[in-house]
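Colleague: Submitted below is the structure of interest, expressed as structure tokens.
The values are calculated or read from the model by the stated rules, or taken from the named source; none is laboratory data. Because the structure is a prediction, the values reported are computed rather than measured. Here the Cβ positions follow ideal geometry from the backbone for every residue, glycine too, while neighbour counts run over all protein chains shown. Quick note on the areas: whole protein, heavy atoms, side chains included, nothing else; ligands and nucleic acids left out. Shrake-Rupley method; radii C 1.70, N 1.55, O 1.52, S 1.80 Å.
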Number of protein chains: 2
Amino acid sequence: MSEDDIFKALGDTTRRAIFEKLASGAMNASALREGMAISQPAMSQHLAVLRGASLVRERRQGRYVNYEVDPDGLARIAGWLARYRTYWPARIEALEALLKDMDQ
Amino acid sequence: MSEDDIFKALGDTTRRAIFEKLASGAMNASALREGMAISQPAMSQHLAVLRGASLVRERRQGRYVNYEVDPDGLARIAGWLARYRTYWPARIEALEALLKDMDQ
DNA sequence: ACAATAGATAAGCATGGACTTATGTGATTC
DNA sequence: GAATCACATAAGTCCATGCTTATCTATTGT
């Protein structure tokens, strides 16, 4: 798991779509494929890449493999982003505040 | 400028290094090359990619071109990241707090 | 034990991306 | 105005990557 792995993993639209789907709830590879014109091996390969970037983690459940968001990858991005905080525009601060409100 | 462009741009170690250098202060392409085993055309091409991702912007100054961090790209990443706030571990919140302290 | 199902892996192919050398363009200096 | 300098662009090469089809492994159900 490196910043290279993470950004490369997210540099693919399909993978970001998969990640987004997982963010709305853990599910197995077959469930992920539903409504996504993507072959079984392709999905498997994408998940492997996301796993290698610590953006996703798996949990075996019988013959199913349940996938879920791995906070580690997200944390790493946040860490990277934080280094450039000096350049964050006011708009981001506003967004942050908004999100903080929404949480409550 | 799309999320694809941004993540793809950052998926390259050399480009992240260039970006990091620029984050420590605006400079022209030649200055950027100093201490970085990279050819002039390669640098120019990397800068073009970073520009295309709104991570960097240029300002012509005579025959020099001064490059600087463009907050737009960073804002876009922050926005993307914010969508998955639910999964941010406590550690990030701590980091955020720390950075907020350091600002003062 | 056997068939079916969920998923991973292998191998091949086609495209994309990072580099190279060579050349072009626009500003500066003598 | 000719040489020089800062940078961009063109064209070619090589490796990475995302897909495909085919096959393998592991678990479940009958």
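Colleague: Since B:R60 meets every condition but one in (1) away from DNA strand D (no atom under 14 Å from the Cβ); (2) open to solvent by 50 Å² or more (accessible area, probe 1.4 Å), which condition does it not meet?
Modeller: For B:R60, the failing item is (1).
Colleague: Now for a different question. From the list A:A26, A:A53, A:A37, which one is open to solvent by 50 Å² or more (accessible area, probe 1.4 Å) and out of contact with any strand residue (DSSP E or B) (no Cβ under 9 Å at 6 or more places or on another chain)?
Modeller: A:A37
Colleague: Restricting attention to the stretch B:21-35, which residues are in contact (Cβ under 8 Å) with a residue 40 or more places away in the chain, within 14 Å of chain A (Cβ to nearest Cβ) and either closer than 14 Å to B:V65 by Cα or in a loop (DSSP other than H, G, I, E, B) (or both)?
Modeller: Scanning the stretch B:21-35 gives B:L22, B:A26.
Colleague: Turning to a different aspect of this structure: Given the options A:I18, A:I38, A:I6, name the one that is more than 15 Å from B:A82 (Cβ to Cβ), among the hydrophobic types (A, V, I, L, M, F, W, C), modelled with pLDDT of 90 or more and not in a helix (DSSP H, G or I).
Modeller: Result: A:I38 is the single residue among A:I18, A:I38, A:I6 that is more than 15 Å from B:A82 (Cβ to Cβ), among the hydrophobic types (A, V, I, L, M, F, W, C), modelled with pLDDT of 90 or more and not in a helix (DSSP H, G or I).
Colleague: Conditions first: (1) over 20 Å from B:G73 (Cα atoms); (2) open to solvent by 40 Å² or more (accessible area, probe 1.4 Å). B:K21 passes all but one, so which condition is the exception?
Modeller: All conditions pass for B:K21, except number (1).
Colleague: Residue by residue through the stretch B:39-50, note down the ones that are within 8 Å of DNA strand D (Cβ to nearest atom) and within 12 Å of the chain's Cα centre (by Cα).
Modeller: Once the filter is applied, which keeps residues that are within 8 Å of DNA strand D (Cβ to nearest atom) and within 12 Å of the chain's Cα centre (by Cα), the stretch B:39-50 yields only B:L47.
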